[in-house]
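Below is one structure, written out as structure tokens; the observations come after it.
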Amino acid sequence: MIPYKKKGAADITPYLIVNDIPKLLLHLQKAFGARLHGKLTRPNGSLMHAEISIGDSLIMLGEPMGQFGPMPSNLFLYVADAAATISQALSAGGTLVMELTDMPHAGVRYGGVKDPSGNNWWIGTHLQDMSWQEQQDSINATAQHWSNE
């Protein structure tokens, strides 16, 4: 029997539809060590579909077509050393969108980098396990900081 999903895929797999996939592929390879599994091109030469892995995660990529225009996304990437990975992503052509910051309410230290295609990569390192209630209590204790205003 054929499995319901391809080998290496998770039940939910990010699919980035953005312009200039070759440029994004190069950035992701330099920034995060992305490994290209394969790519398919349309007859006009645009990239129809590509698949990469970063760490243990599969990501699908494609260039816009017709009614499916570019739609940058937000992705969270766990790494062993967030500072080093953010520096590497910036050196690869990313733009800093948030300084590396300890988030005690979540037990994570992370920052943000925008790739050349407009996707935000939230790059973080897990610092401690916290229950949902512990996280909520921490947010409530610093409510003014978390205001949407």
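Bear in mind these aren't lab numbers, they're just calculated from the coordinates by the rules spelled out. Computed from a predicted model, the values in this text were never measured in an experiment. Cβ coordinates were reconstructed from backbone atoms using ideal geometry, including for glycine residues, and neighbour counts include every protein chain displayed.
Could you work out the helix-only [θ] at 222 nm for the chain, with each DSSP H run of four or more residues adding -39,500 (n - 2.57) and the total divided by the number of residues, to the nearest 500 deg cm²/dmol? After summing the helix terms and dividing by the residues of the chain, the value is -6500 deg cm²/dmol. The modelled label-to-label distance for the pair T101/L36, using points 7 Å beyond Cα in the direction of Cβ, is 3.6 nm. Cα centroid separation, region 59-91 to region 1-41: 11 Å. Peptides 80-86, 112-118, 15-21, 36-42 ranked from most to least packed by the mean count of surrounding Cβ atoms within 10 Å: 112-118, 15-21, 80-86, 36-42.
Using 0.36 nm per residue, how much length does the chain from A80 to S57 gain when fully extended, once their Cα-Cα distance is taken away? Provide the component values of the computation, followed by the final result.
Working: separation 23, 0.36 × 23 = 8.28 nm, distance 1.51 nm.
Length gained, A80 through S57: 6.8 nm.
What the phi angles of region 116-121 give under the Karplus curve with 6.51, -1.76 and 1.60, with θ = phi - 60°, is a coupling list of x, 9, x, 7, 8, 10 Hz, glycine and proline written as x.
Skipping prolines and chain starts, which residues have an amide H placed within reach, meaning under 5 Å, of the one on N119, given they are 5 or more residues away or on another chain? Answer set, sorted by chain and number: S73. Couplings 3J(HN,Hα) for region 47-60, derived from phi with the Karplus relation 6.51 cos²θ - 1.76 cosθ + 1.60 (θ = phi - 60°), are 7, 7, 7, 9, 10, 10, 10, 10, x, 9, 10, 8, 10, 9 Hz, where x marks Gly and Pro.
Sorted by packing (mean other beta-carbon atoms within 10 Å per residue), highest first, where do 23-30, 5-12 land? Intermediate values should be presented prior to the final figure.
Numbers: 23-30: 18.8, 5-12: 9.5.
Descending packing order for the listed peptides: 23-30, 5-12.
For region 79-116, list residues with backbone N below 17 Å from a point placed 7 Å from the Cα of S131 toward its Cβ? Hits in region 79-116 for S131 at 17 Å: 105-107. For P(r) over Cα pairs in 10 Å bins from 0, in percent, which listed value, (i) 10, 33, 31, 19, 6, 1; (ii) 11, 40, 29, 14, 5, 1; (iii) 11, 43, 38, 8, 0, comes from the coordinates shown? Working out P(r) over Cα pairs in 10 Å bins from 0, in percent from the coordinates points to (i).
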